[in-house]
Structures are given as structure tokens and as C-alpha cells.
Amino acid sequence: MLDQSFSSENFRKIFDYENRKGNYLEDEFFPEVEKITKQIKDVSVAIRQHRKTKSNTSIEAYEKKKEELYKKKLNLKEKKENLLSNELEQIASSITEKKFSLGLKEIDVGKTKKAYGYEKNATSYFALKQIQNNLRKLYKVKQGNRHNIVCQLRETFSDKLPKHIIRTDILSFYESIPRGRLLKKLNDDPLLTLTSKKIIRRILHEYEQISGEKSGIPRGVGISAYLSELYLRKFDEIILKCPQVLYYARYVDDIIIVCSADPSISVHRKLAFVKKSLSDIGLTLNKEKTHTKSINGTEQKTLDYLGYNFTFGNGSVEIKLTKSKIQKYKDKIELSFKDYHKTVKSNKNKSKSILLERVRFLTGNTRLVNNKKNAVVGIYFSCSLMNSTSCLDELDSFLTNQISLIEDEKLKRTLSELSFKKGFNEKRFFKFSANDFKRIVKVWKHAT
């Protein structure tokens, strides 16, 4: 039986889990706990230094000092545990109060569709995390894996069999989900506890108050990804049960369906079925992003999905970046050089350093800081399924043009050694600190 309670014990599990991932919550929410952690680290350093004095100190004096240090460390650990437990108890108590609010608010992400966030405090953070845990574990909710979907599509497209392909997405996905139906589904299901349902209702009520909309869930808030996946589960099951469907994938609201080319059922009839299945749950296809293709096994076709451009149809599959993905890289390059030209006169050395960091970040790969899973990102690790790098030549040409506009010859030579193609083929790595990363991405706020 899953413990769904909003208790200090469950919050401690969340705290430890995030800590293992490299997301140190005490830095953000518990400054007094962080102070003690630093003191514990200082004592640990003192213990290591004391070990080096063993040969120069009497055994009695060495052991006495050693015992004092270990005792101090133990006391600090106990103090930290007690303080953290008290903090988590207070959070648990706050969440159960009638006046509890997530503090939902609209945030600017540089896009046309409104996004929402919440007050950055420990109470809101742990409440959301616990609800997400409850939904994920009870309903086995998870988002599609981008890497796996692209691999599966590559295999699906690699034969010469005739196929029908439907590529579409859902119009205003998060904003269109019928809240009444969603809440009814949750209320009718005995799996979730009353407290979990109550907090979900409260979050959706806050969203309605801020947005003024009678339907939809808040885009940008973590819980919405879980609620939307749960709501679309019925649609997924209907499509997967269709005998003509060879492959089906959905990444959030981005849908692709590959069907056998049964001559008795046209691709347009299949699209009509998809449209009706969505309409039955109160959602609508985005006409502008809906495309169908009929593959006969001899001529080549192209299709964009999840940032990759597929060329296929005759048994071979070429995968490269989409034009929009290439443009996003170009936008970041351009913003980086614009910032350099804007600031170079006032602070030459700093401007040169930041530009070099940004180009290295874009053209290379890096291991994420403060991440114990050793996650890596970059031109290779974010685009590893490409088997055609011709699109990288276009990026290198664009970069070269930007470099040519720089007057500093030494900087030009250094930048000219960097290349998207080399970063991909050679898996070039660069190391950046947390502060480096913040400085690098600052100028790209609305370019992602």
C-alpha cells in the first residue's frame, strides 16, 4: 500500500532523493541546515588533516584529539537531523491548513502561450513533489522517451513496405483539457487519497482564478505533465488497439501514427478516426500541424519529429536535424556574438571569455554540474541519433561568418578551432562550473 501522506517522513525521502540527483534543497530552502552541513564538512577536513599528524604526536594526544573531532561531527549531524526534521514537520503542518496556497502565478517564458509557476518556497515545492510521486506510482504515469521513440521510428521506416503516416498534435493541449472530466476521473477512482485530490482541486482552482478560463491545466507546473498523461491514457489505448496501427507514439501532445497501407481504408479515414477519438475526450487536432503521407516503398519522403528530420521510403533512413532546430542553434550563435559586440568596449577580457565559453558550449559537449547521474548534454549527446551531419556544415558556415566579423585576431583564431561537426564526430568535451553555466545561458533566455 503506497503511503501518499504529506508527512515529514515522505518529505525526507524526497529530500534525500533530490540530494542524490545533485539537487541540494538545503541550499534553496533550508539555510540554517546548510550552515550545519558546512560545519560538518569543515570537521571532516580537520579529521583528515589530523590523521597526517599521527607520526608526530603522542598516541594519547592523537587519540584524544581524534575522539573530540568525531564527537563534534556526530553532534553536528544530530543537530542537523533534528533541525531538518523540525523544518519538514512545519511544512507538513502548513500543507494541511485550509489557507494553504501554491502561490500560482503567470511567468514569462518568451512564448505566445502563457506559462505558470509557483512561489519558490519549501511548502509549495514538497506539496507538488508528493502529488507527482503519488500520481506516478499509483497510475504508472510517465512521459514518452524521446530517444526511444526516434530509435523505434528509425526501425519502422527502415523497410520498403507501403505505409500510411499521420503526424499531428493537439490544439492548445494544456489549455484545452476539460477540468471537469479530469477531476471526475480522479474523484471516481479510489486510488488517490482525499488529501491528494483536495490539493489537486486547489491548484486547478488557483489556475482558474488567475487565467479566467473554465478549462485547461497550468502549463509549466510539474503536476500538469502527470495529469495530462493520465487524461490521455484512454486515447492512447484506443489508437493502440487499432489493427492497422504498426506504430504509435505520443510525446506530450506531439503524435505520430504509422499504419499499414490497407487499400480499403484511406489515410484520410484513419485521420478522421483519430480526430473523433480526440473529440470524444474534449480535445481537438491542430489542423496547421496535421499532415498525412502515403508511402509506396519506392519513393523517398521526409518527416520532422522531435527535432529530427527523417528521409525514408526506399528502405534506407537518413536522420538529421530539422530546419527549426538548426535555426535555434543559429539564434543562439547570433545572440552570443551580438552580446560580445555590445559589451567588448566596456569590458574586453570578460566579453572575450564569455563568448568563448558560449561557442564552446554550443559546439561541444559537457557533463551537467551537480548531477550525480553524470548526465551529459551537447551537440553529440543531444543529437546522437543523427546519421547525416550535412546540417552541421550549415551551422559551421554560419559560425565562421560570425567569427569573421570580430576584429581581435587572437580570439578569431581560437574560435576558428571550434566546430559543430568536430564536436559531434569527436565528442569534444568542455567543462563548465555552475556559475559558468548561468553566465552562458543568460543571453539565450527566449531562444530555446
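The values are calculated or read from the model by the stated rules, or taken from the named source; none is laboratory data. No experiment lies behind these values; they were computed from the predicted model shown. Reconstructed Cβ throughout: ideal geometry from the backbone, glycine too, with neighbour counts over all protein chains shown. Heavy atoms of the whole protein, side chains included, go into the accessibility calculation; ligands, DNA and RNA do not. Shrake-Rupley method; radii C 1.70, N 1.55, O 1.52, S 1.80 Å.
Number of residues in segment 218-261 that are over 17 Å from F173 (Cβ atoms) and of a type in the set (G, A, S): the value is 2.
Take L102 and decide whether it is among the aliphatic types (A, V, I, L, M), farther than 16 Å from E26 by Cα, over 19 Å from the mean Cα position of the chain (by Cα) and at pLDDT below 95. Against the criterion (among the aliphatic types (A, V, I, L, M), farther than 16 Å from E26 by Cα, over 19 Å from the mean Cα position of the chain (by Cα) and at pLDDT below 95), L102 qualifies. Annotation note: Cβ proximity below 9 Å between a residue of segment 287-304 that is open to solvent by 90 Å² or more (accessible area, probe 1.4 Å) and a residue that is hydrophobic (A, V, I, L, M, F, W, C) and part of a loop (DSSP other than H, G, I, E, B) (sequence gap 6+ or interchain) occurs for K287/L171; E288/L171; K289/L171. N148 falls short on exactly one of the conditions (1) outside any helix (DSSP H, G or I); (2) under 22 Å from the mean Cα position of the chain (by Cα); (3) without any contact (Cβ under 8 Å) to a residue 40 or more places away in the chain, and that condition is (1). Inspection of segment 209-221 identifies at least one residue that is part of a helix (DSSP H, G or I) and open to solvent by 50 Å² or more (accessible area, probe 1.4 Å). Taking V245, is it aliphatic (A, V, I, L, M) and at positive phi? In short, no.
Of the residues V245, V267, V258, V274, the single one that is more than 21 Å from T389 (Cβ to Cβ), over 30 Å from the mean Cα position of the chain (by Cα) and surrounded by 14 or more Cβ atoms within 10 Å (Cβ to Cβ) is V267.
For L138, state whether it is in contact with a Leu (Cβ under 7 Å, 6 or more places away or on another chain) and closer than 26 Å to Q209 by Cα.
On the way: in contact with a Leu (Cβ under 7 Å, 6 or more places away or on another chain): yes; closer than 26 Å to Q209 by Cα: no.
It is false that L138 is in contact with a Leu (Cβ under 7 Å, 6 or more places away or on another chain) and closer than 26 Å to Q209 by Cα.
Residues that are among the charged types (D, E, K, R) and in contact (Cβ under 8 Å) with a residue 12 or more places away in the chain were ranked within segment 56-82; the one that is surrounded by the most Cβ atoms within 10 Å (Cβ to Cβ) is K80. The residue pairs whose first member lies in segment 83-94 and is closer than 12 Å to E9 by Cβ and open to solvent by 40 Å² or more (accessible area, probe 1.4 Å), whose second member is at pLDDT 95 or above and outside any helix (DSSP H, G or I), and whose beta carbons are closer than 9 Å, counting only pairs six or more residues apart or on different chains, are E89/S7. With the requirement that a residue be of a type outside the set (D, E, K, R), at pLDDT below 95, in a helix (DSSP H, G or I) and open to solvent by 60 Å² or more (accessible area, probe 1.4 Å), what does segment 391-448 give you? N435, F437 - these are the residues of segment 391-448 that are of a type outside the set (D, E, K, R), at pLDDT below 95, in a helix (DSSP H, G or I) and open to solvent by 60 Å² or more (accessible area, probe 1.4 Å).
For segment 186-196, a residue qualifies if it is in contact with a Leu (Cβ under 8 Å, 6 or more places away or on another chain) and surrounded by fewer than 16 Cβ atoms within 10 Å (Cβ to Cβ), and exactly one does: L191. Pairs, please: C-beta under 8 Å, at least 6 apart or cross-chain, first residue over 19 Å from R202 (Cβ atoms) and assigned to a helix (DSSP H, G or I) and in segment 167-189, second open to solvent by 10 Å² or more (accessible area, probe 1.4 Å) and of a type in the set (A, V, I, L, M)? Final answer for the pair search is F173/V252.
Residues that are assigned to a loop (DSSP other than H, G, I, E, B) and among the charged types (D, E, K, R) were ranked within segment 15-69; the one that is farthest from Q130 (Cα to Cα) is K52.
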